[in-house]
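Scroll down for the structure; my scribbles are underneath it.
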Amino acid sequence: MTDYDYSRGTVPPGTSLNYVRTLTDPPDGCAEAARLLADRARGGRLTHVEHIPPRGGRASDWPAWVPGAIIDRLGRVGVQAPWEHQVAVSEHARSGRNVIISTGTASGKSLGYLLPALTAVLEGGTVLYIAPSKALAADQLRVIRGLGLDGVRAVAVDGDTPVAERDWARSHANYLLTNPDMLHHSLLPRHTRWAGFYRRLQYVIIDECHHYRGVFGSHMAQIVRRLQRISSCHARPSAPAAAADGRAAGNSRAAAGALPALAPTNPVFILSSATVSQPGQYARALTGLDTEEVTDDYSPRGPFTFAFCEPPLTRLRGEGGAPVRRTAAAEAASLLADLVAGGVRTLAFVRSRRSAETIALAARRALAAAGAGELAGQVAAYRAGYLPEDRRAVEQALRSGAVSGLATTNALELGVDICGLDAVILAGWPGTRASLWQQAGRAGRSGGAAVAVLVARDDPLDTYLVHHPDAVFGSPVEATVIDPDNPYVLAPHLCAAAAELPLTDADLKLFGPAAADVVAGLTDRKLLRRRDSGWFWARRGAAMTANIRGSGGFGVQVVEETTGQLLGTIDEPSAHTIAHAGAIYLHQGETFLVTTLDLTDRVALVRPGDPGYTTTARELTEIEVAERPDTVAWGEAELHFGAVDVTRQAVSYLRRRADTGEVLGEERLNLPPRSLRTRAVWWAVSPAQRARLASLGVDIAGAAHAAEHAAIGLLPLFAGCDRWDIGGVSADLHPATGRLTVFVYDGHEGGAGFAERAFRTAAAWLDATRSAIASCECADGCPSCVQSPKCGNGNQPLSKPGAIHLLDILLTRQ
């Protein structure tokens with residue numbers, strides 16, 4: 001048995017991280033996939049292949065308190081004994097301790113929370129399960145109902161649930177599955193209707209919690225605090241001491257039919273996550289509660305091969321004559337077709353709904369062109385936006401083998417149990433190492449050998465990773481960043497909480513150290529009213545609610561102009577860049593052209609149509625330092641972190657061919673500037689360092705601009721953010737510092753914690769930035785290293801060699 005844990009990126013002693021150009025000794029069962037990868041290796045497209053050895057498992061006895069009925073039903077579906085980490089989680093929860101389990105994909109995390117949860121339901125309690133996606137909640141509902149336990153009434157309640165089914169759930173459900181949006185907009189504001197459920201609530205399960213990061217994670221943290229208030233309000237007195245003693249000691253299985261009804265005053269929180277850095281610390285930030293952590297994985301795993309692929313440069317030229325690579329989507333579609341033709345059951349993960357459809361269509365066409373048209377029907381797409389019955393049909397087809405090649409968004413990343421897959425293709429870096437291993441781990445879930453291939457996009461981060469595999473296989477996963485004290489996140493949740501129940505001084509401690517000042521501000525604005533018993537919501541109707549998956553505040557409605565149908569709502573800042581006039585807007589897999597953006601009425605009008613191109617907005621940005629920053633000396637240079645005022649204006653947008661990324665043209669926009677108080681990290685070099693750059697003949701403005709773009713591209717590796725969550729500004733002599741300065745800022749009001757993380761990891765972050773630029777094979781800069789798709793200055797000026805010189809001076813602290 002090996003101690004190697006593939007999901008943590010640790011490597012057994014003596015394992016080489018040198019680049020491997022050919023496959024040797026591929027795992028049994030993946031010979032066809034190995035042959036296809038070897039072909040690509042000979043074509044020079046593979047930059048690295050990692051072989052991960054198999055791992056044995058360590059089973060344990062069932063906890064004494066688990067009823068025999070549960071053990072019997074689990075045995076019928078093939079679970080004969082739990083793994084040690086599953087028992088550890090269940091024992092913590094059963095003993096009343098909040099706990100987070102953070103282990104690899106297919107390690108059986110769900111059994112760890114199902115044991116105490118199902119036991120609590122049979123004892124007369126209720127359980128609330130929260131998933132970040134409908135697909136995951138539906139899959140968990142299928143698992144629970146499949147056990148067929150008498151007395152367990154599991155129901156999923158989300159925005160698609162019919163009114164009659166919600167009414168039934170309020171009266172009868174004891175295992176409720178939902179998502180943060182439903183909790184935020186319905187289950188908490190209408191908590192009195194669910195009083196019976198909350199009164200008996202024993203466990204809250206937050207599944208796949210690593211997805212709650214950045215602004216979304218900060219909103220989720222406040223939703224969890226609101227949930228704690230509501231459950232505490234409705235909870236009945238603790239069960240008698242004798243019952244509590246029985247819970248701690250366990251109950252004999254012979255007496256399973258006479259289990260005592262238990263109702264603690266506050267529910268226990270059980271969090272389940274892919275492998276993340278410092279899971280206990282993250283769980284405490286998310287819930288505000290002390291939390292135990294379980295990270296040792298004792299489940300078995302088959303052999304695994306992970307390959308990195310960099311598509312070749314094409315003859316196409318982009319801005320400034322820069323070379324353009326074959327798109328990751330085209331490369332992934334070709335590989336998917338080859339794998340399906342070879343009988344290899346494969347998932348291809350993509351970043352967007354449109355890409356899922358595009359890759360599936362291209363793979364079907366490739367099979368037909370190769371004379372394997374009979375296999376084209378085995379390729380399908382899966383994404384959010386499908387009708388529930390269509391999603392379930394695709395999932396069943398994949399399980400049965402009727403579909404052997406599936407292009408999917410991250411809708412299938414989350415815990416949906418699909419066994420028997422042989423390979424996974426990742427069309428571009430998925431954003432975090434946690435997501436990488438979560439997606440790759442969908443292959444080999446039946447315990448057999450598996451293969452995963454990361455296909456690099458034309459992007460600095462992807463370029464860096466495929467040429468520096470130790471950043472994946474030799475490094476721990478990144479930290480999950482949230483900032484619950486962000487006042488722009490906190491304010492709407494305090495308003496919502498006051499509308500649910502009057503806020504008290506004790507509540508302010510629950511909502512964190514910033515709550516008192518935010519409440520005072522809301523009171524001054526007459527949104528809250530102070531009374532002897534606390535603060536009350538001062539307006540008629542529902543409290544203002546945040547857009548928890550955006551930047552908060554009021555949204556812009558997207559409306560189909562000929563029918564008047566409301567397609568969705570987006571936050572106002574995002575409307576400037578994704579819903580401007582002329583933008584291509586995607587909704588549930590359909591393509592629309594935005595005809596009008598009216599910021600006064602907060603509406604964007606769209607009409608159906610697919611012109612065959614995508615759009616990317618470009619912005620001009622100005623930045624000013626708002627407060628005295630934290631400062632660290634870096635030799636002659638200085639590194640800063642603090643509050644900034646950012647002014648941004650979308651000035652144009654590019655039209656690009658959807659299949660190749662080729663720029664078709666640029667159109668001007670006439671949108672107003674918008675202001676943002678946020679937080680940033682920035683570095684400023686000394687006059688002497690600038691003079692040394694000048695003496696080398698460096699284009700100083702181009703060097704700073706190129707370093708800014710590449711630094712933004714690499715930050716997601718260290719801060720768990722998306723490139724579009726952050727922005728940057730560079731200047732030869734910035735007015736705030738009087739020096740050559742590069743800023744990188746959070747793109748959300750009040751900040752999201754990403755810039756602070758950059759400040760804390762600056763040395764590693766900037767070293768990776770330098771390596772990404774230097775390792776790119778282009779001569780003068782391209783989208784894979786220093787060009788940015790959202791640059792408002794048309795990627796001018798840029799100096800790739802100058803950026804390397806600038807970062808060398810900064811990193812050597814000369």
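At q = 0.17, 0.21, 0.24 Å⁻¹, what is the base-10 log of I(q)/I(0) for the stretch 300-412 according to the Debye formula with one equal point scatterer per Cα and no solvent? Please give it to two decimals.
Evaluating at q = 0.17, 0.21, 0.24 Å⁻¹ gives log10 I(q)/I(0) of -0.86, -1.15, -1.33.
Is the stretch 265-340 best put as rounded, prolate or oblate by its Cα gyration tensor, with a ≥ b ≥ c the root eigenvalues, rounded for a/c under 1.5, and otherwise prolate when a/b is larger than b/c, oblate when not?
prolate
For the chain, what's the relative contact order in percent, using C-alpha pairs closer than 8 Å and at least 6 residues apart?
For the chain, the relative contact order is 12 percent.
From Cα pairs below 8 angstrom and at least 6 apart in sequence, can you work out the relative contact order of the stretch 57-141, rounded to a whole percent?
27
For the ranges 159-166, 425-432, 533-540, what's the packing order if you count other beta-carbon atoms within 10 Å of each residue, average per peptide, and put the highest first?
Descending mean neighbour count gives 425-432, 533-540, 159-166.
Residues with amide H under 5 Å of Glu293's amide H, sequence separation 5 or more or different chain, H placed in the peptide plane at 1.01 Å from N; which?
Ile100
Kindly rank 197-207, 693-703 from highest to lowest mean number of other beta carbons found within 10 Å of each residue.
Going by the mean number of other Cβ atoms within 10 Å, highest first, we get 197-207, 693-703.
Return the inverse of the average 1/r over all pairs of distinct C-alpha atoms in the chain, which is the Kirkwood hydrodynamic radius, in Å to one decimal.
Taking the inverse mean of 1/r over all distinct Cα pairs, the chain comes out at 28.0 Å.
How big is the Kirkwood radius of the stretch 556-688, worked out from every pair of different alpha carbons and given in Å to one decimal?
Taking the inverse mean of 1/r over all distinct Cα pairs, the stretch 556-688 comes out at 17.1 Å.
Tell me, what is the 1.4 Å probe accessible area of Asp181, in Å² to the nearest 10?
Estimated to the nearest 10 Å², Asp181 gives 40 Å².
Express in Å², to the nearest 10, the accessible area of Leu715 obtained by rolling a 1.4 Å probe over the protein heavy atoms while all chains stay in place.
Looks like 0 Å² after rounding.
Indicate the gyration tensor shape class of the stretch 739-814 (rounded, prolate or oblate), computed on the Cα atoms with a ≥ b ≥ c the square roots of the eigenvalues: a/c under 1.5 is rounded; otherwise a/b larger than b/c is prolate and the rest oblate.
Oblate, since a/c reaches 1.5 and b/c is not below a/b.
Given C-alpha coordinates of the stretch 66-174, what is the ratio Rg to Rh with the Kirkwood estimate of Rh?
Value, to two decimals: 0.96.
Whenever you get a sec, line up Ser404, Ser232 from highest to lowest accessible area (probe 1.4 Å, protein heavy atoms).
So the residues, ranked largest to smallest area, are Ser232, Ser404.
Find out how many positive minus negative residues lie around Asn98, taking Lys and Arg as positive, Asp and Glu as negative, among other residues whose Cβ is under 15 Å from that of Asn98.
Computed value for this residue: -1.
Assuming a ≥ b ≥ c are the square roots of the Cα gyration tensor eigenvalues, decide whether the stretch 661-719 counts as rounded (a/c under 1.5), prolate (otherwise, with a/b larger than b/c) or oblate.
prolate
Sort Tyr298, Tyr488 from largest to smallest accessible area, using a 1.4 Å probe on the heavy atoms of the protein chains.
Solvent-accessible surface, decreasing: Tyr488, Tyr298.
Could you put Thr600, Thr358, Thr305, Thr563 in order of accessible surface area, largest first, with the 1.4 Å probe and the full protein assembly present?
Greatest to least solvent exposure: Thr600, Thr563, Thr358, Thr305.
Which of the aspartates and glutamates could a cross-linker span from Lys800 if the Cα-Cα distance has to be under 18 Å and same-chain partners fewer than 8 positions apart are dropped?
Output for Lys800: Glu319, Asp458, Asp459, Asp462, Asp699, Glu708, Asp732, Asp767, Glu777, Asp780, Asp808.
Over the stretch 296-379, what relative contact order in percent results from Cα pairs under 8 Å that are six or more residues apart?
Relative CO of the stretch 296-379 lands at 21 percent.
The values are calculated or read from the model by the stated rules, or taken from the named source; none is laboratory data. Since the model is a prediction, treat every value here as computed from it, not as a measurement. Because the Cβ atoms are built from the backbone with ideal geometry, glycine has one as well, and the counts that use them run over all protein chains shown. Calculation scope for accessible area: heavy atoms of the full protein, side chains included, ligands and nucleic acids excluded. Shrake-Rupley method; radii C 1.70, N 1.55, O 1.52, S 1.80 Å.
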